[in-house]
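Below is one structure, written out as structure tokens, with a few remarks after it.
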Amino acid sequence: MRFFAQLPERRGAWALLAATAFGLFATALYMQYQMGLEPCVKCIYQRVGVLGVGVAALVPLFAPKFVLARLLGFVGWLTAAIWGFIIADNHVAAQQAKNSFFAVCDTFPNFPGWMPLHQWLPEMFSATGLCGDINWSFLDMSMPEWMRIIFASYAIVGIVVLLLRLVGARKL
């Protein structure tokens, strides 16, 4: 229990979180450019969610002993993971809809005006695919279904580590 309570103060834990997120981001780019899979708007939003987890992990990675850095890391981690899960769940619902009318999504990502990622970095954040298309599957599950599992895992691990930290801090 003490090990898990001290985990947020260790650089290695935050480095592992960042590495998994950036690894998933790199995998998405590989699937797009090497496998020819075109991402839809919901795919791009999930990509941003994964990137959010990774960027959130960088803050406490550089200052794991500071409470504010860990707090920002946890808030960013959980926000990105939960938001990503919601987007992935909506994407799965669109793909599994009986009526193909519900599989339609926006043509362009709707990023805030102060951060138009699809214009700044179109190679990474432009949506060229359709939300209803299932061009890839593994173990009979589409990419959004896998992303739902990944985001749920990120969120559960984040909540468990945070709760153990809070319980462990009382006992330390």
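Taking K and R as +1 and D and E as -1, what net charge do the other residues with C-beta under 14 Å from the C-beta of Leu24 add up to?
+2
If we count every other residue with Cβ under 13 angstrom of Trp136's Cβ, Lys/Arg +1 and Asp/Glu -1, where does the sum land? Write out the running numbers ahead of the final one.
On the way: positive: none; negative: Glu38, Asp133, Asp140, Glu145.
Around Trp136, the charge tally is -4.
Every number here is computed from the coordinates shown, using simple stated rules; none is lab data. This structure is a prediction, so every number in the text was calculated from the model and none was measured. Virtual Cβ from ideal backbone geometry, glycine too; neighbours counted across all protein chains shown.
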